[in-house]
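Notes follow the structure.
The values are calculated or read from the model by the stated rules, or taken from the named source; none is laboratory data. Since the model is a prediction, treat every value here as computed from it, not as a measurement. Here the Cβ positions follow ideal geometry from the backbone for every residue, glycine too, while neighbour counts run over all protein chains shown.
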Amino acid sequence: MGSEPSGEVYLPDSVRTAVKVLVVGPFAVGKSTFVNTLSEIEPLHTEETMTRDGAVVDDLHGITDKTTTTVALDFGRRTLSDRVVLYMFGTPGQQRFLSMWEDLAHGALGALVLADVARLEESFDVISVLEERGLPYGVAINDFNSVDIPSHEELREAFDLLPEIPLVTCDARDRSATARAMISLVEHVLASPLQHAQESA
Amino acid sequence: MSTNTVRRPELRWMLDDVLLPEVRSAVVLARDGLVITATGDIGEADADRFAACLASLRGSSAAATEFCGAQPTWNQTLIEFDTGYIFLIAAGPHAYMGVSTTKKVDMGPATQRFHAVVQKLGSELGTLPRSGDSDRS
């Protein structure tokens, strides 16, 4: 566990509403970085050094300097307001980890899908899974490479997003940008009629 | 809006029986990976992180069922370190208990005690309203 008791971040007594959200997306899109940036507590990472064999399975094309990958979970916590505290569960991006993904998704109220602007299509699979589960989601384009970002209209068209689904661009290393992305998701979850269907299920 | 698992510090007394010699700390978590209660020696942030880690462990354990005979039911996961053990045990249908011990723990009696505690926890948690934990699997 590591951290000193004196360094603990305690939640105020008024905090009672826990909101579990998933941070999902394809391999190397920046999920760990996102959770790292936004968490108010020391984040939990389960990273392993990638093997050469793994590098063949996980397409590293165009992704430089990546030597580790999340094999189980990223976890972080962020108090968004006096009453809402966010528990973020980042899940492995690779297809072969989907069986664990199902378990971690349990009880999640929403998901933030990260997408790399150069590899948008790699986020389509996870969006299909979310839609099958009826889990509200938002899309955040990680623009960490600072390439030319298509317009929101073009991005919405690429993802075939319904108008009410939030779409934001953010740098996963930027604290306020990641917070804005999460807030857009939480607002969407709060407004989502699906949530009521789940409650009565 | 539904919400996730609410902490229930009033259940902490149920973990008193877990605190045998050589036991470091224990946390009870719901299937969604959030803390229900924890022993007093683990800080709140660390309890959150331990619970998330245990939920992930339980997820990978459940994913391994297909490699262990016909339709196995997961009961517990044990990790051994050179510095001790971590037990993860089912506590009723929607909750788990994780216990961290040193290497010197007496495995036999400890395991017996832990299983007695999860049994009590399981029946206690089964009677509580579970906000936001509708079973969607």
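Consider A:Ala140 carefully, then state whether it is of a type outside the set (Phe, Trp, Tyr) and buried (at least 16 other Cβ atoms within 10 Å of the Cβ). Don't jump to the end; show me each part of the working.
Numbers: of a type outside the set (Phe, Trp, Tyr): yes; buried (at least 16 other Cβ atoms within 10 Å of the Cβ): yes.
Here the answer is yes, as A:Ala140 does meet what is asked.
Please list, ordered by residue number, the strands (runs of 3 or more DSSP E) wholly in the stretch A:67-141 having 2 or more residues that are over 25 Å from A:His152 (Cβ atoms), within 13 Å of chain B (Cβ to nearest Cβ) and modelled with pLDDT of 90 or more. Outline the logic, then answer.
Values: elements: A:68-79, A:84-90, A:110-116.
By residue number, A:68-79, A:84-90.
Which one is nearest to the chain's Cα centre (by Cα) among residues in the stretch B:72-114 that are of a type in the set (D, E, K, R) and under 13 Å from B:Glu22 (Cβ atoms)? Give the derivation first.
Keep residues of the stretch B:72-114 that are of a type in the set (D, E, K, R), which gives B:80, B:82, B:103-104, B:106, B:113.
The next check asks that each one be under 13 Å from B:Glu22 (Cβ atoms); those that pass are B:103-104, B:106, B:113.
Working: B:Lys103: 19, B:Lys104: 21, B:Asp106: 19, B:Arg113: 14 Å.
Across the stretch B:72-114, the extreme among qualifying residues is B:Arg113.
Take the conditions under 27 Å from A:Ser39 (Cβ atoms) and either crowded, with 22+ Cβ neighbours inside 10 Å or touching a strand residue (DSSP E or B) at 6+ places or on another chain (Cβ under 6 Å) (or both) and apply them to B:Gly40. Does it pass? Give the derivation first.
Numbers: under 27 Å from A:Ser39 (Cβ atoms): yes; either crowded, with 22+ Cβ neighbours inside 10 Å or touching a strand residue (DSSP E or B) at 6+ places or on another chain (Cβ under 6 Å) (or both): no.
When the stated conditions are applied, B:Gly40 does not pass them.
Of the residues that make up the stretch A:181-198, is at least one within 14 Å of A:Ala111 (Cβ to Cβ), modelled with pLDDT under 90, part of a helix (DSSP H, G or I) and small (Gly, Ala, Ser)?
Within the stretch A:181-198, the subset within 14 Å of A:Ala111 (Cβ to Cβ) is A:181-182, A:184-186, A:188-189, A:192, A:194-195, A:198.
Restricting the remaining residues to those that are modelled with pLDDT under 90 gives A:192, A:194-195, A:198.
In the following step, the residues that additionally are part of a helix (DSSP H, G or I) were identified as A:194-195, A:198.
The next check asks that each one be small (Gly, Ala, Ser); those that pass are none.
No: the stretch A:181-198 contains no residue that is within 14 Å of A:Ala111 (Cβ to Cβ), modelled with pLDDT under 90, part of a helix (DSSP H, G or I) and small (Gly, Ala, Ser).
Part of a loop (DSSP other than H, G, I, E, B), modelled with pLDDT under 95, away from every other protein chain (no Cβ under 13 Å) and over 18 Å from A:Glu122 (Cα atoms): does that describe A:Glu164?
On the way: part of a loop (DSSP other than H, G, I, E, B): yes; modelled with pLDDT under 95: yes; away from every other protein chain (no Cβ under 13 Å): yes; over 18 Å from A:Glu122 (Cα atoms): yes.
Yes.
List the strands (runs of 3 or more DSSP E) inside the stretch B:1-120, counting only whole elements, that have at least 2 residues being more than 14 Å from chain A (Cβ to nearest Cβ), without any contact (Cβ under 8 Å) to a residue 24 or more places away in the chain and closer than 21 Å to A:Leu44 by Cβ. Write out each step before concluding.
Working: elements: B:23-30, B:35-38, B:76-81, B:84-90, B:95-102.
The qualifying strands (runs of 3 or more DSSP E) are B:76-81.
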